[in-house]
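The values are calculated or read from the model by the stated rules, or taken from the named source; none is laboratory data. Keep in mind the model is a prediction, meaning the values are calculated, not measured. Reconstructed Cβ throughout: ideal geometry from the backbone, glycine too, with neighbour counts over all protein chains shown.
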Amino acid sequence: MYSEVSKIEFSDSLLTPSETFWRGMDYNSIKMEALTDEKIMMEVKNGNKDYFNQILDRHYKSILNYAYRISGNKALSEDIAQDTFSKIYFAAKRYKPTAPFKVFLYTVAFRESIKALRKNKKHIALNDMMVLPSTDNPSKNLEDKDTSLLVRNAILKLEPKYRSAIILREYNNLTYEEIAKVLKCSLANTKNYIFRAKEKLRELLIPVLRGAL
């Protein structure tokens, strides 16, 4: 039985950007597909602000979904995503391409997520959060919720550092080295966080899945 549920499936795609945000940013895509993120940020740093629209085009949806997986709250994830890109935009003058842009991007997103979770801990509406289903009737749980939702719900039970590590690895495809830079911890600790996160997820998911198989 354990082997049947020991491999956790992590699926992608949750939210799409709010039209209000795109209108607020006066979005007009510039065709710069050949430029790397780092080169685009250097253009923004040098005063070509319109280039930042391409950064939004490439990464806003990923950050929105990262924030949703971290918070489990749609409204809060929008705030986190917008704050992340606002911070990056206004910090462009200090930008240095010393690491891949995605490391810089997710470092800011992680910091904004932690700040938002601490600030809104007592104010997030429970009915707007993903909640791990009860194990009283696991068969019904699997009828009502697909496995990917069960996994996302279980992730919300993890401590923030474990939560972010597993999300960055499994959903955002960052390397262990990149995750270590985002979380500002050692490579050994990063690997330990991900290992412990997977072990905890198995503990949470096995009782739900076992009764339905």
Item to complete: Name every residue in the stretch 167-186 that is without any contact (Cβ under 8 Å) to a residue 60 or more places away in the chain, charged (D, E, K, R) and either within 20 Å of Lys200 (Cβ to Cβ) or not assigned by TED's automatic domain parsing to the domain that holds Ala154 (or both), in order of residue number.
Response: Arg169
Worksheet item: In the stretch 122-133, is there at least one residue being surrounded by 20 or more Cβ atoms within 10 Å (Cβ to Cβ) and either modelled with pLDDT of 90 or more or over 15 Å from the mean Cα position of the chain (by Cα) (or both)?
Response: no
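Starting from residues that are closer than 18 Å to Leu64 by Cα and not in a loop (DSSP other than H, G, I, E, B), keep the ones in the stretch 168-178 and report whichever is nearest to the chain's Cα centre (by Cα).
Applying the first criterion (closer than 18 Å to Leu64 by Cα) to the stretch 168-178 yields 168-174.
Next cut, not in a loop (DSSP other than H, G, I, E, B) only: 168-170.
Details: Leu168: 7, Arg169: 10, Glu170: 10 Å.
So, considering only residues that are closer than 18 Å to Leu64 by Cα and not in a loop (DSSP other than H, G, I, E, B), the one nearest to the chain's Cα centre (by Cα) is Leu168.
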Item to complete: Considering only residues that are free of Cβ contacts under 8 Å to residues at least 40 places away in the same chain and more than 16 Å from the chain's Cα centre (by Cα), look in the stretch 194-211 and name the one that is surrounded by the most Cβ atoms within 10 Å (Cβ to Cβ).
Response: Arg196
Worksheet item: How many of the residues in the stretch 179-195 are on the phi > 0 side of the Ramachandran plot and in a helix (DSSP H, G or I)?
Response: 0
Worksheet item: Using beta carbons and a limit of 6 Å, which pairs, at least six apart or on different chains, have the first residue in the stretch 80-100 and acidic (Asp, Glu) and the second one surrounded by 15 or more Cβ atoms within 10 Å (Cβ to Cβ)?
Response: Asp83/Glu112
